[in-house]
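Since the structure comes first, as structure tokens, the remarks are kept for the end.
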Amino acid sequence: MFEQFDLDSELLACVKELGYKKPTSIQELVIPKAMTGKDILASAPTGTGKTAAFLLPIAQHLLDYPRTKPGFPRVLILTPTRELAIQIGQDSENMTKLAKIKTGVITGGINYGSHDDILNSTTDILVATPGRLLEYIENEQFDAREVEILILDEADRMLDMGFRETINRIVGEARWRKQTMLFSATLEGAGVIRFAKEVLTEPEFLTSNPSRKEKAKIHQWLHIADDSQHKVNLLLNILKQQEVERAVVFANKRETVQYLSGKLYAEELPCVWLEGKMLQDKRNKAIERFKRGEIKVLVATDVASRGLDIDDISHVINFDLPRKVDIYIHRIGRTGRAGAKGTAISLVEAHDMPVVAKIERYQNERLPRRIIEELRPKHKEARVTSRKAKVKLTTAQKKAKAKKQTKKKLKRVNAKS
Ligand code: AMP
């Protein structure tokens, strides 16, 4: 029940109107801690309700300490993409519409200067993408020194997209803030932890443990394949059979993207593809065709699809399994957005099994194996003999382990710096 939190009735009424009956696990963890004013480092994938987890404590802070004079925003939320900024802006408006709180959104991709309204009037919560905001700061149109609470949402993605320097500058500008919260899909990559150490002060580590129901939004499974050719056959079969409305097929190499696109066309499965060296114009055209739904399949590498924010992806297919768990989590997070159901299918060869074991350990759940009868693998599944891979942890053990690992990483980073 949301009543368990110390939230004003205006906020509770908005939550009710949005149809939220009970808090998700990340909300249970974050809301009470955030309301104490502590810095927060939370791992929470998209779709777990993390937006409300930070918006509600922010709104409560603004209600507890009302503004005494007009001025610049008191809360700044940085997000990697324009689409996400707009989404959070809408969520913020919905969640504060009965309170006197004003939200503004500033993003790139629209004419410089179109944000005059927001910059010149009194806004309480500003949601922004880092690049454009820094331009306004440099031109002295925006002053971040009035920011009391700073949120870094999808920090791993922002770092991944090369925003580190830009964010550091903004964080420096917002130096009088009282509280900082950093959200990341995973805390796996060392980069996020190092960054967190720079921007947070004695943070509270919170790892969401999405309930089965929350997790069930992304339906994951894998197919064992004998070799690369077998994977191609599986991919073609899946794309023809599955109810694919919009699919992203991930490959690890540029050459594979080109090879697969050729194979799909040969089977009359039109697709668009993205690869790093593509001209911007061609790249934009490909993305547009996919976004419009003209073409249902996009084949890409991780690098080429960086920063791409497309909603309503029904299927993520890992033609190649990534070598790291955090990349897997990123990839599958592209489906199952905004409460929609999503499917993530991985094609796995024997040499991928150690990564499969790591993913299963991370999610504390075995990925179901599926077989397409006419494409049954000749070889048995390669066994990963590591004892660790077989251990099934309880929820409490998993939480304790995640906390221990994060602390260990932080210690390592501390020792280095
Ligand atoms: P998010 O992870 O913040 O992008 O949220 C994912 C989806 O879950 C959004 O559509 C939210 O509106 C919805 N949502 C957030 N919190 C709750 C809740 N407590 N109960 C039901 N739906 C929720």
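The values are calculated or read from the model by the stated rules, or taken from the named source; none is laboratory data. Keep in mind that this is a model prediction, so the values were computed, not measured. Note that we place each Cβ from the backbone using ideal geometry, even for glycine, and neighbour counts take in every protein chain shown. Ligands, DNA and RNA are excluded from the accessible area calculation, which covers all protein heavy atoms including side chains. Shrake-Rupley method; radii C 1.70, N 1.55, O 1.52, S 1.80 Å.
Overview of results
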{"read-out": "Condition met for Leu12 (within 16 Å of the ligand (Cβ to nearest atom) and either under 27 Å from Leu159 (Cα atoms) or of a type in the set (S, T, N, Q) (or both))", "value": "no"}
{"read-out": "Looking only at segment 67-119, and only at residues there that are farther than 20 Å from Pro57 by Cα, of a type in the set (S, T, N, Q) and surrounded by fewer than 14 Cβ atoms within 10 Å (Cβ to Cβ), the one that is nearest to the ligand (Cβ to nearest atom)", "value": "Ser114"}
{"read-out": "Selection status of Phe205, out of contact with any Gly (no Cβ under 8 Å at 6 or more places or on another chain), of a type in the set (A, V, I, L, M, F, W, C) and in a helix (DSSP H, G or I)", "value": "no"}
{"read-out": "Close pairs from segment 25-51: first without any contact (Cβ under 8 Å) to a residue 40 or more places away in the chain, partner more than 9 Å from the ligand (Cβ to nearest atom) and not aromatic (Phe, Trp, Tyr), Cβ under 7 Å, at least 6 apart", "value": "Ile31/Leu56; Ile31/Pro57; Met35/Asp6; Met35/Pro57; Met35/Gln60"}
{"read-out": "Looking only at segment 7-48, and only at residues there that are touching a Phe, Trp or Tyr at 6+ places or on another chain (Cβ under 8 Å) and in a loop (DSSP other than H, G, I, E, B), the one that is surrounded by the most Cβ atoms within 10 Å (Cβ to Cβ)", "value": "Ala44"}
{"read-out": "Segment 296-309, subset in a loop (DSSP other than H, G, I, E, B) and open to solvent by less than 10 Å² (accessible area, probe 1.4 Å), residue farthest from Glu154 (Cα to Cα)", "value": "Ala304"}
{"read-out": "Subset of segment 15-56 (residues that are among the β-branched types (Val, Ile, Thr) and either more than 10 Å from the ligand (Cβ to nearest atom) or closer than 24 Å to Asp326 by Cβ (or both))", "value": "Thr24, Ile26, Val30, Ile31, Thr36, Ile40, Thr46, Thr48, Thr51"}
